[in-house]
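The values are calculated or read from the model by the stated rules, or taken from the named source; none is laboratory data. Fair warning: this is a prediction, and the values are worked out from it, not measured in the lab. Backbone-built Cβ (ideal geometry, glycine too); neighbour counts: all protein chains shown.
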Amino acid sequence: MNQTRSYGDPARYLTRLHVAEDCLDLPYTQEIIERAQLPVTVVSERGAPDIDGDYPYNLSAGKRHLLLCRNRGAFFKPCPGTREYRCCDYQVLNIGMNCPMDCVYCILQAYLNNPWLSFFVNVEDLFAELATALEHEPQRFFRIGTGEFTDSLALDSLTHLSPRLVRFIADRSNAVLELKSKSVNIGNLKGLDHQGRTIVAWSLNSPTIMAREEIRAATFDERLQAAAQCAQWGYSLAFHFDPIILHDGWEEGYRQTIRRLFASVPAESIVYISMGALRYLPALKQIAAERFPASRFFYQEFIDGLDGKRRYFRTQRVAMYRVILNELQKYAHPRTCIYFCMENDTIWREVFGFVPEDQGGLPAMLDRAVRWA
């Protein structure tokens with residue numbers, strides 16, 4: 001599939017709301033129902049939408065359904081990294097599960113077991129838990145993101161959660177918030193007194209991958225325009241080249257993306273840029289192959305990583321990283337932190353010439369980058 005037009009707001013893809021009975025009377029639930037203007041089905045307290053077919057093959061149908069429910073577990077947790085690869089000590093704020101966009105490589109296809117989208121409407125519990133965590137460790141600096149199990153902004157036109165989060169974090173001296181997206185639903189960020197404590201981030205790839213493998217995501221031009229607008233509103237920015245995928249013309253493709261990025265966005269607004277080569281749970285290959293038979297990149301050569309995920313051979317990863325890093329370093333601001341997401345020290349030394357511990361550790365590197373912004 002070649003993306004030649006804008007998909008618009010991903011929330012427009014939804015066709016039905018499902019509401020857990022114990023959430024129906026919440027004012028926030030009623031706000032979302034009123035904005036969505038979609039048919040509503042009430043399900044039991046722990047019930048679920050009835051989507052025909054078996055998971056994951058009913059995912060395409062399930063992505064049209066949004067369940068408004070309570071999160072009965074913890075909202076705020078450390079990023080589920082692994083011991084074998086360098087983690088950045090990111091903290092995840094879980095606002096929901098799954099995403100209306102449909103990227104071929106999305107790990108959630110093999111990680112989740114429900115085809116529908118979920119959004120947690122007990123936001124008073126979310127903010128209370130977050131406040132307690134931040135106040136409990138006032139000397140610790142928290143980098144918080146909502147984009148681990150869903151897209152941070154894809155449903156924001158319905159939920160209007162981003163202004164609540166931005167205003168909350170603006171008053172917290174020991175935290176920053178990252179809103180990471182492949183959509184361009186930034187309208188709710190305009191005019192907010194964010195105090196420089198919210199980072200708006202986008203995933204980027206080569207133009208070929210963005211066009212063919214990121215279904216219902218914003219176009220490259222749209223992402224660049226949205227990033228430039230957020231910079232004008234005073235937000236710091238971040239970009240994630242993840243997953244980096246081997247494909248015909250990959251070298252020039254990634255160079256083109258980088259050149260266009262820095263031609264559109266002021267370098268001094270970018271606090272960090274991550275790189276991560278394609279890695280996936282073994283189950284994802286068959287799922288993606290059956291859901292997206294035209295995609296071929298899962299048939300390349302991979303090895304089993306120490307974390308149980310499939311990865312490109314080390315020499316291939318190093319070759320791709322060096323090309324991308326060399327291009328980034330031509331344009332990036334000296335204080336922008338360029339780093340690996342989930343790579344080992346051997347790769348760090350081969351590509352960067354140092355390991356994070358040489359500079360105080362990866363969390364400290366990112367903290368410094370955020371604090372100068």
So the check is Cβ under 8 Å with 6+ separation or different chains; which pairs have a first residue in the range 4-21 that's under 13 Å from Leu67 (Cα atoms) and buried (at least 21 other Cβ atoms within 10 Å of the Cβ) and a second one that's charged (D, E, K, R) and at pLDDT below 95? Ala20/Glu45; Ala20/Arg46
What residue, of Arg314, Arg296, Arg368, Arg349, is surrounded by fewer than 19 Cβ atoms within 10 Å (Cβ to Cβ), closer than 23 Å to Ala238 by Cβ and free of Cβ contacts under 8 Å to residues at least 40 places away in the same chain? Arg368
Output for Cβ contacts, cut-off 6 Å, separation at least six or different chains, first residue within 18 Å of Val40 (Cβ to Cβ) in the range 55-75, second of a type in the set (Lys, Arg), reads His65/Arg16
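Results for (1) under 20 Å from Asp248 (Cβ atoms); (2) at pLDDT 95 or above, shown as yes or no for each residue.
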site: Phe292; (1), (2): yes, yes
site: Tyr331; (1), (2): no, yes
site: Pro363; (1), (2): no, no
site: Val370; (1), (2): no, no
The range 232-252, residues that are over 19 Å from the mean Cα position of the chain (by Cα) and more than 20 Å from Phe340 (Cβ to Cβ): Gln232, Trp233, Gly234, His247, Asp248, Gly249, Glu252
Condition first: among the β-branched types (Val, Ile, Thr), free of Cβ contacts under 8 Å to residues at least 60 places away in the same chain, more than 23 Å from Cys103 (Cβ to Cβ) and in a helix (DSSP H, G or I). Can you find one or more residues in the range 25-40 that meet it? yes
I'd like to check which strands (runs of 3 or more DSSP E) are fully inside the range 99-191 and have at least 3 residues that are surrounded by 15 or more Cβ atoms within 10 Å (Cβ to Cβ) and touching a Pro at 6+ places or on another chain (Cβ under 6 Å). none
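So which of Ser157, Ser162, Ser152 is among the small types (Gly, Ala, Ser), in contact (Cβ under 8 Å) with a residue 60 or more places away in the chain and under 24 Å from Asp193 (Cβ atoms)? Spell out how you get there, then give the answer.
Values: Ser162 fails: in contact (Cβ under 8 Å) with a residue 60 or more places away in the chain; Ser152 fails: in contact (Cβ under 8 Å) with a residue 60 or more places away in the chain.
Just a single option satisfies the conditions, and that option is Ser157.
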So which of Arg216, Arg212, Arg167 is under 29 Å from His18 (Cα atoms), more than 18 Å from the chain's Cα centre (by Cα) and basic (Lys, Arg)? Arg167
Quick one: count up the residues across the range 289-346 that are within 23 Å of the chain's Cα centre (by Cα), assigned to a helix (DSSP H, G or I) and within 15 Å of Pro243 (Cα to Cα). 7
Please work out which residue is nearest to the chain's Cα centre (by Cα), limiting yourself to the range 47-73 and to residues that are farther than 30 Å from Glu290 by Cβ and loosely packed, with under 12 Cβ neighbours inside 10 Å. Gly73
Test Ser203 against the stated conditions and say whether it is crowded, with 24+ Cβ neighbours inside 10 Å and either under 19 Å from the mean Cα position of the chain (by Cα) or not in a loop (DSSP other than H, G, I, E, B) (or both). no
Those residues of the range 249-264 which are in contact (Cβ under 8 Å) with a residue 24 or more places away in the chain and surrounded by fewer than 21 Cβ atoms within 10 Å (Cβ to Cβ), in sequence order: Gly249, Trp250, Glu251, Gly253, Arg255, Gln256, Arg259, Arg260, Phe262, Ser264
